[in-house]
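Here is the structure we will look at, set down as structure tokens.
The values are calculated or read from the model by the stated rules, or taken from the named source; none is laboratory data. Being a predicted model, the structure only gives us computed values, none of them experimental. Glycine gets a Cβ as well: all are built from the backbone with ideal geometry, and neighbour counts include every protein chain shown.
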Amino acid sequence: MKVSYLNDEFFSRLETLALNLRTSLSGFFGGKHLVRTYGQTVEFADYREYMLGDDIRRIDWNLFSRFEKYFLKLFTDERQMHVQIFLDCSASMERGNPNKAAYAVATAAALGFLAVHNMDKVSFNLIKGNKAENNMGTIVGKNAFFRAISELDKLEFDGDADLASAITNSTNTGTKDGLTVIISDFFTESQWKKAVDYLTYKRRQVLLVQVLSPDEIDPAYDGRVHLIDSEAGDMADPRNLKIRITKSMQMAYKEAFDDFRQDIKDFCISREAEFISVDCEKPLEKMLFGELLKVGIMG
């Protein structure tokens, strides 16, 4: 049975939040993100002395009458950022636990809603194979957002996903103009770290959201089992295994899994990217209002 979180109540709970950027922004005018440079808003910021070539219309004549020097009024500058969301649409995101795919879609939708709610742009890039499909275009405004979400809620998860190729070959990656979010379980043979390196080279802020099912975090298998890779082509694929699960194997899995997750975290720290790992059976609000607040993405 297909699971969905997307309804009016879900989005209404998000309206008090906003996306934060740690880095400076060189996006388009018209947003709500204050930047360190001065601009053309109506909010006063500071004064500075007039310099040859400055716009004389910005001279404060009241100060000139007092000090007989020319001073310019400086105003705050606000920019619009582009939130790019890359969603892993491979089979491992859904098979065995449909709630995992629904959780990933809801996370993408929540971040997209926060973008348009705060006058930012958002794009949903669906990673299928080695390509990132963006059939919805760049979305501005809530009307366009909700039209896109109706399509996102029908999304099918199948095949595999090459995160590195899909993201590095994306044609719409801007430079220093916002936040890129990668939502995946990161159970992939592709070199996803190349994608993070590419995005940091483009001076984008990066967030990795790892969505996992309880069985992936702490499998309860015992005895003889047939393990089938959800992204394998057929039953003869060497990734499919018939094995006997023992206590020592369970312990080895837990150790390997902890190392796997720690490696992602350590790599993100080294690239000044953010990383959170979530259990899809945990309340979605706990991730949105807790984990994302902790790493400073929301405020």
Problem set entry | Single unsatisfied condition, Asp158 versus (1) under 20 Å from Leu208 (Cα atoms); (2) touching a residue at least 40 places away in the same chain (Cβ under 8 Å) | (1)
Exercise. Which one of these is modelled with pLDDT of 90 or more and closer than 24 Å to Arg204 by Cα: Leu114, Leu163?
Worked result: Leu163
Exercise. Is it true that some residue in region 138-146 is touching a helix residue (DSSP H, G or I) at 6+ places or on another chain (Cβ under 6 Å) and in contact (Cβ under 8 Å) with a residue 40 or more places away in the chain?
Worked result: no
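Mind listing whichever residues of region 87-118 are of a type in the set (Phe, Trp, Tyr) and in contact with a Ser or Thr (Cβ under 7 Å, 6 or more places away or on another chain)? Please lay out each step first, then the result.
The first filter runs over region 87-118 and keeps only residues of a type in the set (Phe, Trp, Tyr), leaving 103, 113.
Correct list: empty.
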For this session: Evaluate the following for Ala104: is it in contact with a helix residue (DSSP H, G or I) (Cβ under 7 Å, 6 or more places away or on another chain), of a type outside the set (Ser, Thr, Tyr) and without any contact (Cβ under 8 Å) to a residue 60 or more places away in the chain?
Result: no
Seminar exercise, completed: All-but-one check, Ala115 against (1) part of a loop (DSSP other than H, G, I, E, B); (2) in contact (Cβ under 8 Å) with a residue 60 or more places away in the chain; (3) not hydroxyl-bearing (Ser, Thr, Tyr), failing number (1)
For this session: Report yes if Phe275 is in the same structural domain as Ala102 (by TED's automatic domain parsing), of a type in the set (Phe, Trp, Tyr) and at pLDDT 95 or above, otherwise no.
Result: yes
Exercise. Residue check, Tyr47 against (1) at pLDDT below 80; (2) not in a strand (DSSP E or B), all met but one. Which one?
Worked result: (2)
Exercise. For region 252-271, does any single residue satisfy the condition of being modelled with pLDDT of 85 or more, under 15 Å from the mean Cα position of the chain (by Cα) and assigned by TED's automatic domain parsing to the domain that holds Met287?
Worked result: yes
For this session: Would you confirm whether any residue within region 121-129 is without any contact (Cβ under 8 Å) to a residue 24 or more places away in the chain and outside any helix (DSSP H, G or I)?
Result: no
Exercise. Quick one: what pairs do we get from region 1-13, first residue at pLDDT 75 or above and assigned to a loop (DSSP other than H, G, I, E, B), second surrounded by 15 or more Cβ atoms within 10 Å (Cβ to Cβ) and not β-branched (Val, Ile, Thr), C-beta under 9 Å, 6+ apart or different chains?
Worked result: Arg13/Leu288; Arg13/Phe289
